[in-house]
1. Sort E61, E39 so the one with the fewest other Cβ atoms within 10 Å of its own Cβ comes first.
2. Please report T44, T22 as a ranked list, fewest other C-beta atoms within 10 angstrom at the top and most at the bottom.
3. Under the definition of Cα pairs under 8 Å and six or more residues apart, what whole-number percent is the relative contact order of region 23-75?
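All of the numbers you see were taken from the coordinates with simple rules; none came from a lab. None of these values were measured; they are calculated from a predicted model. Please note: Cβ atoms are built from the backbone with ideal geometry, for glycine as well, and neighbour counts cover all protein chains shown.
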Amino acid sequence: MATKKPVTKKTEVKSVSFKDMTIKELQAAAITLQNEAVELKRGTKVGDVQNVHAYSVKRKEVARVLTALNAKKALGEEK
């Protein structure tokens, strides 16, 4: 009979309330996160970054920001 693998805890992403941010703040956050993602990708290719999973986490965070930004633009909020 096969043994079960031990259950590991998933890393939690820092929850930031994107709903409360303005469009300009979201745009600034998106640019910052995209630059960080580029640096992580470059670091993994060169070998400077040991945590290669950090790049995919950062990409998902960029996607969350862009989704919130597009939702606000679709609603026409100028907040």
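1. The fewest-first ordering by Cβ neighbours comes to E39, E61.
2. Neighbour counts put them in this order, fewest first: T22, T44.
3. 53
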